[in-house]
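Everything on this sheet refers to the single structure shown next.
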Amino acid sequence: MAVTDAPKIITTRFDQADGHTLAGYERTGGYAALRAALGRTPAEVLDEVKAANIQGRGGAGFPAGTKWGFLPADVHPRYLVVNGDESEPGTYKDRLLMERDPHQLIEGVLLASYAVDAKQAFIYVRGEMAVAQERLATALNEAYAAGLVGRDIAGSGWSMDVILHWGAGAYIVGEETALIESLEGRRGMPRLKPPFFPAVKGLYMQPTIVNNVETLANIPWIVTNGGAAFAALGTEESAGMRLFALSGHVRNPGVYEVEMGKTTFRDLIEAPVYGGGIRNGGTLKAFIPGGASAPWFFEEHLDLPLSKATVDKAGSMLGSGAVVVMDDTTDAVKACARVVRFFAHESCGKCTPCREGTTWLHQILQRILAGDGRPSDLELLMDVSDNISPGITWPPKQTTICPLGPSAVSPIASALRRFRPEFEAYIAGGRHAAAVPVEVGARG
Amino acid sequence: MARLSPENEVLARQIIGRYPRSRSALIPLLHVAQEQDGWVTDEAMGHIGELLGLSSAEVLGTCSFYEMFKREPVGTYLVNVCTNISCQLLGGEELLEHVEERLGVKAGATTADGMFTVEDVECIAACTEAPCLQVNYRYFHRITHAAFDTLVDDLRAGRRSDEIPTHGTTTRVRQHVPADRWAGVGADGLAPEVR
Ligand SMILES: Cc1cc2nc3c(=O)[nH]c(=O)nc-3n(C[C@H](O)[C@H](O)[C@H](O)COP(=O)(O)O)c2cc1C
Ligand code: SF4
Ligand code: FES
């Protein structure tokens, strides 16, 4: 495949010192898409987004235009909620988009609201992202003062408000129905879908569109250049450019905007303009293709293109665009245990298999790491996994309210199937293998 | 200090006014309380409940779900070290050990002088910049052990206070909507709030 010379779409102002200000944004074409759109009908704007065939960048990869089309006609008020809760391990792109180009997001929010006829939008920023909150607050203040948000936007007679909202620390709030619960001032626990599909019964039980920050950041370019120009990038199935956070054991970790479908994992990891290969001339052991929830990939997957359909078919997901690379020095047991600890910590507790299961998986892995593992523990890990995610299939058969529970199983199924001898060595070697000093009279 | 100050009550009412349903302001108001006192006191939660027409149990129910809300005093500076996968691969756990050693407390604890609280946290969305940490939610990317030591010295000497506010303050810029710019049409047609 190839490193393509497709144009950058949403990262063009990342290196511009004043790219986050209204002046810097407008000087480089900002708010031109909005002004143009206000001279067209909402349906025409919606059609551009449908033609762009842009898949949501938050994790599920659902086409944005199709989602917007799901809103029931004539039910008002309706809302747009921006998901800026970015907290899937390995994922780092929405924070950059909010810090470096907040007006691009605001313009995307305005265009989306215009297309779906929402009169109020909420940008929900992760609580821990103080600078992103500051940049968005400043940008919104500028935009309100300049007549670009609020009453009679750009003299068009169209009015709507955009409210900055911020969270307080909980990964599960990134799930769209939990995000809505949180925005209603409640504990961030997911709602059952159906009946609570946001497009039908969302915020305040009204029709609501939830979109990821990156998805919306693409909208100004799509409206300016046309949906067809976006769809011409990438492949028919996976259109456009996408941000990938490449982390772990590569020479040049970074956030790269790459053309979907045409670029492969190998290009991303090895090309000098991207990852530059495994650090220290080492070799690849495994990589996570789409955030901590995704089953791991290995060397044989390197030549797969960065396309949703292909990665789904190969048994994992592009998820949130987070590629985590592990070289041959990586302790697979430790890596697996760390990801499982995350899910155990972040389970909201609403469903028993997830709440109890993730806690047990975490505790069993901790005892294996501590050198207290039992030979039966590996079957036990798979058995508990099977109780959270029956059959341990991909995609999972969902028996829980949200996909978090089954996601906790991904690292175990991946690491245990591929690197079982490493787990066995921890168990066989006991405390000595784990280099934990044996204390006489200690537990166990 | 305990209830929201008169100025913060004014701010609280402004925030409440932006939402179609007042309860939506709960998390932002808990942040206002935490900014005022450095942590969320029972009295502040009671006051917020009065403002929103919620019981103390409802306020506490939401508050206790979210990691950032501290219901007892913490250090002036909260040091959050990421040990999740991307950071673990590049020395996040060793960084945490160093932080614990340098400050003389384990994750979860506060130094005797009340300056620092250390936390071992999940991914903070800086994965390509590992290892990394936050001090009061300000980022330090690819931080070395030596750079952390310097940071601690600076903070103790009060040299970074313009860059890093004390615990409780996240955003230092608030959204302001001038009355003549507010569209105010977001709740049109929404059924009245039921409490
Ligand atoms: C456990 C869990 C966590 C999620 N976290 C996020 C997140 O942090 N940001 C995000 O945009 N989407 C997240 N999602 C996906 C959202 O539910 C939703 O699909 C997305 O925000 C829709 O936007 P998009 O269609 O533009 O991608 C998460 C989903 C699950 C199940
Ligand atoms: S699967 Fe886990 S995180 Fe999701 S709703 Fe159930 S308990 Fe909560
Ligand atoms: S894993 Fe440490 S910042 Fe994401």
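Every number in this text was worked out from the coordinates using simple rules, so none of it is lab data. Since the model is a prediction, treat every value here as computed from it, not as a measurement. Counting neighbours? That spans all protein chains shown, and the Cβs are built from the backbone with ideal geometry, glycine included.
Dipole magnitude of the stretch A:179-274 about its Cα centre, charges +1 at Lys/Arg Cβ and -1 at Asp/Glu Cβ only, in debye to the nearest 20?
So the dipole magnitude of the stretch A:179-274 works out to roughly 440 debye.
Per residue and in cubic angstrom, what volume does the convex hull of the Cα atoms of the stretch A:93-138 have?
Spread over its residues, the Cα hull of the stretch A:93-138 gives 73 Å³ apiece.
Say we join alpha carbon atoms closer than 10 Å with springs in a Gaussian network model of chain A; which of A:T28, A:T66, A:T208 then has the biggest fluctuation?
A:T28
Taking every DSSP beta bridge that has both residues in chain B, what percent is antiparallel when rounded to the nearest 5?
Percentage antiparallel, nearest 5: 55.
Give the average, rounded to an integer, of partner chain Cβ atoms located within 10 angstrom of each Cβ in A:103-111.
The shielding value for this peptide is 0.
Compute the length gained on full extension between A:F196 and A:D15: take 0.36 nm times their separation in residues and subtract their Cα-Cα distance, giving the result in nm to one decimal.
Length gained between A:F196 and A:D15: 61.1 nm.
In whole percent, what relative contact order does chain B give with Cα contacts below 8 Å and a gap of six or more residues?
20 percent
Please compute the average number of Cβ atoms from other chains found within 10 Å of each residue's Cβ in peptide A:85-94.
For this peptide, the per-residue mean of nearby foreign Cβ atoms is 5.
Considering the stretch A:294-402, what Rg and Dmax in Å follow from its alpha-carbon atoms?
When restricted to the Cα atoms of the stretch A:294-402, Rg and Dmax are 15.1, 42 Å.
Could you give the nm distance between label points at A:T4 and A:D303, where each point is 7 Å from its Cα heading toward the beta carbon?
A separation of 2.0 nm, rounded to one decimal place.
Report, as a whole number in µm² per second, the diffusion coefficient that Stokes-Einstein gives for the stretch A:229-277 at 10 °C and 1.306 mPa s using the Kirkwood radius over alpha carbon pairs.
Roughly 144 µm²/s, to the nearest whole number.
Calculate the spin-label point distance for B:E94 paired with A:S156, positioning each point 7 Å from the Cα along the beta-carbon direction, and give it in nanometres.
Calculated label separation equals 5.4 nm.
Tell me which of A:S307, A:T41, A:P353 sits at the most positive position along the dipole axis of the protein assembly as shown, charges placed on C-beta atoms (Lys, Arg +1; Asp, Glu -1).
My answer, from the dipole projection, is A:T41.
Once Rh for chain A is found with the Kirkwood sum over Cα pairs, what is the Stokes-Einstein diffusion coefficient at 37 °C and 0.692 mPa s, in µm²/s?
Stokes-Einstein gives a translational diffusion coefficient of 144 µm²/s.
When all C-alpha to C-alpha distances in the stretch A:100-224 are sorted into bins of 5 Å, what percent of pairs does each bin hold, rounded to whole numbers?
Percent of pairs per bin, in order: 2, 10, 20, 22, 21, 15, 7, 2, 0.
With springs only between Cα atoms under 10 Å, which of A:R100, A:R40, A:R266 fluctuates most in a Gaussian network model of chain A?
A:R40
Under a point-charge model restricted to the Cβ atoms of Lys and Arg (+1) and Asp and Glu (-1), what is the dipole moment magnitude of the protein assembly as shown relative to its Cα centre, in debye to the nearest 20?
840 debye
By average Cβ neighbour count within 10 Å, what is the ranking of A:106-115, A:232-241 from highest down?
Ranked by mean Cβ neighbours within 10 Å, highest first: A:106-115, A:232-241.
Kindly put A:I172, A:I388 in sequence by how many other C-beta atoms sit within 10 Å of each C-beta, fewest to most.
A:I172, A:I388
State the antiparallel share, in %, of DSSP beta bridges confined to chain A, rounding to the nearest 5.
Given both bridge residues lie in chain A, the antiparallel proportion sits at roughly 45 percent.
Over the Cα atoms of the stretch A:325-374, how large are the radius of gyration and the largest Cα-Cα distance (Dmax), in Å?
In order Rg, Dmax, the Cα atoms of the stretch A:325-374 give 12.2, 38 Å.
Using the Cα centre of the stretch B:131-176 as origin and beta-carbon charges of +1 (Lys, Arg) and -1 (Asp, Glu), tell me which of B:H176, B:H145, B:A157 is placed farthest towards the positive end of the dipole.
B:H176
Work out the charge dipole of the protein assembly as shown with +1 on the Cβ of Lys and Arg and -1 on the Cβ of Asp and Glu about the Cα centre, then indicate which of A:A137, B:T41, A:T235 is farthest towards its positive end.
A:T235
Assigning unit charges at the beta carbon (Lys, Arg +1; Asp, Glu -1) and nothing else, what dipole magnitude in debye, to the nearest 20, does the stretch A:295-444 show about its Cα centre?
For the stretch A:295-444, the charge dipole is close to 440 debye.
Rg to Rh ratio, the stretch A:21-66, alpha-carbon atoms and Kirkwood radius?
Across the stretch A:21-66, the Cα-based Rg/Rh ratio is 1.10.
Report relative contact order for the stretch A:106-242 in percent, whole number only (criteria: Cα-Cα under 8 Å, sequence separation at least 6).
Relative contact order for the stretch A:106-242 comes out at 19 percent.
Along each of its three principal axes, how wide is the spread of alpha-carbon positions in chain B, in whole angstrom units, largest first?
The principal-axis extents, from largest down, are 56, 34, 30 Å.
Rounded to the nearest 500, what is the 222 nm mean residue ellipticity of the protein assembly as shown from helices alone, with -39500 (n - 2.57) per DSSP H run of 4+ residues and division by all residues?
-11500 deg cm²/dmol
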